[in-house]
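Report on the following structure.
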Amino acid sequence: MNRRGLALIELLVAVALFGLGTASLLRLHLELRRSTDLSRQRSEAVRHAASDLEQLRWLSGTTGTTGNASIADRGPVPIDTASSPTRYTLERRVQTDTAGRLHSVATTVRWEDRQTTAHALTLGTALTAIDPALGAATLLNRTTPLSSATATSSPGTPERSLRIPAAARDLGDGRHAFKPRTDEALVWLFDSRSGEVIGRCDSVAGLPAESLNAGSLGTCKAMSGLLLAGHIRFATDRDTLTSTDAEQPASAAMGTLLRLGLTTTGHPSPAWECAQDGPVGVPPGTTARTSIAYHCVVQPVAPASGGVPRWSGRLDLVPQGWLLVGATGGNTGRFRICRYSADQDGNGRIDNPEHPASYSVVTTPLGNQNFLVIRAAARCPVDAGASHGVDDSTVAHQP
């Protein structure tokens with residue numbers, strides 16, 4: 001009877017294959033572990049960076065200069081992570097425009113994995129020192145009262161809705177008064193809790209906004225409106241513009257008014273009203289101002305079948321003391337108007353809060369609807385790579 005067994009070479013091949021398989025499984029296990037660790041570390045890094053930005057958003061709304069002074073470069077500094085074996089460092093970089101009104105913030109969290117490979121994650125935002133509430137106002141339901149978490153000026157006083165401009169004055173009777181321009185008489189009244197524009201009043205021209213009180217209001221008319229607001233900036237010192245000119249335009253402001261062309265009908269009168277705090281009728285280069293803040297109130301129309309009041313239309317600038325590009329030649333000394341507009345949420349379209357050419361079915365207040373004025377020979381600057389995590393790209397608006 002023949003006896004058969006494993007030859008030495010067959011045994012060696014089997015051992016080699018077993019070893020390769022074991023090594024592959026070990027490598028897969030290590031990669032899975034590394035991937036799991038990296039996922040956990042990224043989640044922690046996002047949490048740390050988001051926490052830093054949220055703190056800055058709170059500071060940007062602090063009354064006085066203390067809050068804005070705290071919005072500054074930081075680190076790199078270690079982050080206290082007693083519950084995690086990974087050690088993180090946080091670094092913040094802040095760029096502020098020449099007027100000191102807009103802060104572009106980038107917070108970076110760095111760490112090393114088990115293989116000592118360096119990683120970094122950056123989150124960015126933009127903070128305004130003028131009216132930080134306007135951006136958040138677009139996210140609020142018009143019929144929902146402000147949450148009880150909102151601070152009040154003193155016990156027993158009405159809560160203040162985030163939809164109300166920061167410069168508005170508390171009248172102490174459940175209303176806030178906002179005067180967009182000191183040298184004019186216009187005052188808008190806001191319901192303190194809901195943020196609704198509930199009235200339009202006259203006041204004394206020249207009376208500073210901080211001096212407003214119930215006794216200083218003249219004739220008032222009831223209304224119901226939605227706020228549309230933003231800034232107008234200028235980059236008119238050269239024909240070739242870069243992303244820096246979009247992020248930090250610093251040219252002199254020029255006089256401008258605003259015109260809202262509504263495509264919806266049936267609005268109460270007045271259907272809309274706009275005001276701005278810039279120089280009126282000022283040509284290029286004759287003022288030290290570099291920014292204009294504007295506010296419009298639109299009285300929406302109720303849909304035929306009920307639902308939420310809404311409006312649709314287009315907002316344009318009306319030059320005062322300067323000219324837009326003409327239809328045919330002769331554009332020396334003329335200008336174009338761009339709008340800050342980008343698909344910030346990545347959904348493939350430009351929604352109302354992202355500043356479209358024309359608004360459609362607006363049902364909430366809109367803030368940060370900003371414009372940039374440039375020379376006729378220039379092109380609207382684009383933010384290459386969306387620096388600082390914020391896409392400051394502009395697109396042509398007028399003509």
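Coordinate-derived values only; no laboratory data. Just so we're clear, the structure is a prediction, and the values are computed from it rather than from any experiment. As a convention, Cβ positions derive from the backbone with ideal geometry for all residues, glycine included, and neighbour counts pool all protein chains shown.
Quick notes
- Three principal axis lengths of the range 276-320 [C-alpha, angstrom, descending]: 52, 14, 12
- Each peptide among 276-285, 333-342, 289-298 gets the average number of other Cβ atoms lying within 10 Å of its residues, and from highest to lowest they stand as 289-298, 333-342, 276-285.
- Rounded to 0.05, the FRET efficiency of the T242 and Q55 pair, given R0 = 30 Å and the Cβ-Cβ distance, is 0.45.
- Net lengthening on full extension, S224/T182 (0.36 nm per residue, minus Cα-Cα): 12.8 nm
- Per-peptide packing, taken as the mean over residues of other Cβ atoms within 10 Å, places 343-350, 36-43 in the sequence 36-43, 343-350 from highest down.
- Rounded to the nearest 0.05, the FRET efficiency derived from the C-beta distance between R314 and L32 at R0 = 56 Å is 0.55.
- Cut-off 9 Å between beta-carbons: net charge of the residues surrounding I374, Lys and Arg +1, Asp and Glu -1: +1
- Grouping the Cα pair distances of the range 164-248 into 10 Å bins from zero gives a pair-distance distribution of 16, 41, 18, 16, 9, 0 percent in increasing distance order.
- For A49, the shell of other residues with beta-carbons less than 11 Å away shows a net charge of 0, using +1 for Lys and Arg and -1 for Asp and Glu.
- Rg and Dmax, both from the Cα atoms of the range 257-399 and both in Å, are 16.8, 52.
- Compared with the direct C-alpha span, the chain from D113 to T287 gains 57.2 nm at full extension, assuming 0.36 nm per residue.
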